[in-house]
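The values are calculated or read from the model by the stated rules, or taken from the named source; none is laboratory data. Fair warning: this is a prediction, and the values are worked out from it, not measured in the lab. Cβ: placed from backbone, ideal geometry, glycine included. Neighbour counts: every protein chain shown. When the accessible area is computed, the model is the full protein with side chains, heavy atoms only, and any ligands, DNA or RNA have been set aside. Shrake-Rupley method; radii C 1.70, N 1.55, O 1.52, S 1.80 Å.
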Amino acid sequence: MHELRLSEETQRRAVALNARQAWISLAFLAPILLALVVIFSLQDFWLGFGYGVLVVVLVGGSLPLSIWLARWAMRETYIRFGDGWIEHKWMFRTRRFAAAEATSVVTVDRMSFGGFSGAPTHHLIVTGRDRRLLILVGQMWTTQQLSAIMHDLASRGVPWISVPEPITPPQLRARDPRLVPWWQAHPIAFALLIAGAVFVLVIILITVLAFVVFTAVMG
C-alpha cells in the first residue's frame, strides 16, 4: 500500500488560490446582499439593521473560514494505491474504486482548463466503462507521483494511453467524452450560463426592490 500527500508548497498555492476565489465570489454576492438589506430596511428598519449586521459578520468571517477550510482540505488530501484499489480523498469526499474497474489510464503532458488552473501542466485521468473515475492535475501532484499511480495500474493490466503533445480540453473530449465533461471542456460557455443565471437573479431582486419601494411610497 502506498500513500501520496500534497507537498507544503502545493498546499500554500492551493490556499492562496482558494482565497482569491473567495474574494471574487464575495464581489458577485455583494450587490445581491446589499439589495436584500435595502428591501428588509424598507419593510422594517430594525429587521434591515439586524440583517445588515448578519451580512457584515458572514462576509467578514467567510474569508478566514475559507482559508481555514482550504488548509484543512490540503492536509487531509491523499491518494492510496498498491493493493488493487485506488482511494482518493479530497475535501469531504472520498472516492474508492478497484483497478479492475478501470478501462484506461491516460497521462497528458500539457493541458490547461483555463481560468484559475494556470499554465498547461500534466494530468492523469482514469476512465471506467462509461465515466471518468479519477482526474489528478499537475498543480497539485508531481509527475513522479502520477507516474507511480500510472505504473501501478498498468502493471494490473489497465491500458495506458500517453498524450505527449499539447492539447486542449475540447480536443481531449473529442477523443473520448469520458475524459473531460462538457462543463470543463467549455469553461467560457459554462461561465456564461452561470453569469446569465446570476443576472436573472439580480434582475428579479431589483424588480422586487422597485415594487417594495413603489408600494412604500404609494402607501
Inset, instruction - Output the qualifying pairs, or none if there are none: Cβ atoms under 7 angstrom, residues six or more apart or on different chains, first residue in the stretch 140-156 and in contact (Cβ under 8 Å) with a residue 12 or more places away in the chain and closer than 27 Å to residue 13 by Cα, second residue outside any helix (DSSP H, G or I) and β-branched (Val, Ile, Thr). - result: 146/107; 149/79; 150/105; 150/107
Inset, instruction - Pick out the one residue from 125, 135, 161 that is on the phi < 0 side of the Ramachandran plot and open to solvent by less than 30 Å² (accessible area, probe 1.4 Å). - result: 125
Legend entry - Verdict on residue 149 being at pLDDT 95 or above and in a helix (DSSP H, G or I): yes
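Would you mind finding the one in 174, 100, 185, 119 that is touching a Lys or Arg at 6+ places or on another chain (Cβ under 8 Å) and farther than 25 Å from residue 2 by Cβ? Working first, answer last.
On the way: 174 fails: touching a Lys or Arg at 6+ places or on another chain (Cβ under 8 Å); 100 fails: farther than 25 Å from residue 2 by Cβ; 119 fails: touching a Lys or Arg at 6+ places or on another chain (Cβ under 8 Å).
So the residue among 174, 100, 185, 119 that is touching a Lys or Arg at 6+ places or on another chain (Cβ under 8 Å) and farther than 25 Å from residue 2 by Cβ is 185.
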Legend entry - Residues within the stretch 166-194 that are open to solvent by 70 Å² or more (accessible area, probe 1.4 Å) and at pLDDT 90 or above, tallied: 5
